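Undergrad: Input: one structure, supplied below.
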Amino acid sequence: MASFAFELVSPERLLLSEPATEVTVPGVEGEFTVMAQHAPFITVLKPGIVRIKLASGTEQAIYVRGGFAEVNPDGLTILADFALPAAELNGEAFARETAAFEAALGHAHSDEAKRRAQERLAWLNDLKASQSAAAH
């Protein structure tokens, strides 16, 4: 299967920079999958899991709080607001993320900012519920 360049970057560090054959991304308008020679576009991300099939044959899953994804002729770049390996997304991490979204909601100065913060909190709760259901 053809591969393409993939990078996932957060403000703290470069989390992954390797050729991939397939990457599934949580976009605000729905989950999408990028493969080699995908049409170029840019989109906003919602909190969720990025699932990566590397050209080496291994797979990785990384939680992103939000951010942007850009598909271009060279590949896919994800600029995440915050990211950590999905294996580290446990009760403590969910509690930290929930607190961050609740703080954003508390500091929202407009109806639109409040709506966005509530939406992100709902997405996080959905993710937490799906992770919990998958574990059982």
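All of the numbers you see were taken from the coordinates with simple rules; none came from a lab. Please read all numbers here as calculations on a predicted model, not as lab measurements. For neighbour counting, all protein chains shown are included, and Cβ atoms are generated from backbone atoms with ideal geometry for every residue, glycine included.
Undergrad: Net charge near Leu79, counting Lys/Arg +1 and Asp/Glu -1 over other residues with Cβ under 11 Å of its Cβ?
TA: Its environment carries a net charge of -3.
Undergrad: Taking 0.36 nm per residue of sequence separation and subtracting the Cα-Cα distance, how much length would be gained by fully extending the chain between Ala113 and Ala99, in nm to one decimal?
TA: 3.4 nm
Undergrad: Excluding residues on the same chain fewer than 8 positions from Lys114, give the lysines whose Cα lies under 29 Å from its Cα.
TA: Leaving aside lysines fewer than 8 places away in the same chain, those within reach of Lys114 are Lys46, Lys128.
Undergrad: Residues in segment 41-67 near a label at Val9, defined as backbone nitrogen under 20 Å from the 7 Å Cα→Cβ point?
TA: Those under the cut-off are 41-46, 50-52, 62-67.
Undergrad: Could you grab the Rg to Rh ratio for the chain? Cα atoms only, Kirkwood for Rh.
TA: 0.98
Undergrad: What GluC sites (Glu not before Pro) in segment 1-63 are in a loop by DSSP, with at most 13 other Cβ atoms within 10 Å of the Cβ?
TA: Counting only loop positions with at most 13 other Cβ atoms within 10 Å, the GluC sites (Glu not before Pro) in segment 1-63 are Glu12, Glu29.
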